[in-house]
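Scroll down for the structure; my scribbles are underneath it.
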Amino acid sequence: MEMRKLSNRVIDFFRSDIVWLVFYAAFAATVVERSITWLFSSDLAGGMTLRVVLGLWSAGVILGILFSVWLWLAIAGNTFRTVMGKLMICLLMLGLLCNWVLLYAVAYAYLGLIDGERAVREPITCLYFSIVTWTTLGYGDVRPSMDARFVAASEALLGYIWMAFFIGMFAVLFKQPAERTSRF
């Protein structure tokens, strides 16, 4: 009987939205920290290798897909009814956005970009190009190398689709009435 109570408590614990938020924050912080570290310190760490890029991408894609779907379902189900819960969801959505942009910047640092007529792999240029591509601005001052063209196209497509969901979920989130309790 005690084992059943314990298993019910464990199940209830993992059903708690705050637990998922904490898991997300820890996992996202790890992926974003690794992305920033490898993007800006890859020369100090032995260079950007395919193994590093694929490792960051596998963790980042799992994070991105898992929590994007979870957030969209939670918002659609009006799970977060308090103002604080809604603000936390907004911060999480911005964190997911940063996750995707940084992952693409790391890929560009590995594959290279073309600025004018020269090949570049500088972190700031890669981050700038990732933001411009994600938002589909396309200034044209920096362009992808031959190896990075498919990656840039996938970023533009994902950014376009993800931003549509992002804006739609913001609208749904703030259209829902907020409760005045301290519960998430």
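The values are calculated or read from the model by the stated rules, or taken from the named source; none is laboratory data. This one's a predicted model, so the numbers in the text were calculated from it and none came from an experiment. Heads up, the Cβs are rebuilt from the backbone with ideal geometry, glycines too, and the neighbour counts pull from every protein chain shown.
Scan region 134-147 and give yes if some residue there is charged (D, E, K, R) and closer than 28 Å to Ala26 by Cβ, otherwise no. Among the residues of region 134-147, not one is charged (D, E, K, R) and closer than 28 Å to Ala26 by Cβ, which makes the answer no.
Being modelled with pLDDT under 95, under 19 Å from Arg51 (Cα atoms) and out of contact with any Leu (no Cβ under 8 Å at 6 or more places or on another chain): is that true of Gly116 here? No.
Is there a residue in region 67-78 that is under 17 Å from Ser35 (Cα atoms) and either at pLDDT below 80 or part of a loop (DSSP other than H, G, I, E, B) (or both)? For region 67-78, residues under 17 Å from Ser35 (Cα atoms) and either at pLDDT below 80 or part of a loop (DSSP other than H, G, I, E, B) (or both): absent.
Yes/no matrix, rows are residues, columns are (1) polar (S, T, N, Q); (2) touching a helix residue (DSSP H, G or I) at 6+ places or on another chain (Cβ under 8 Å):
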{"position": "Ala109", "(1), (2)": "no, yes"}
{"position": "Ile114", "(1), (2)": "no, no"}
{"position": "Leu127", "(1), (2)": "no, yes"}
{"position": "Thr135", "(1), (2)": "yes, yes"}
{"position": "Phe150", "(1), (2)": "no, no"}
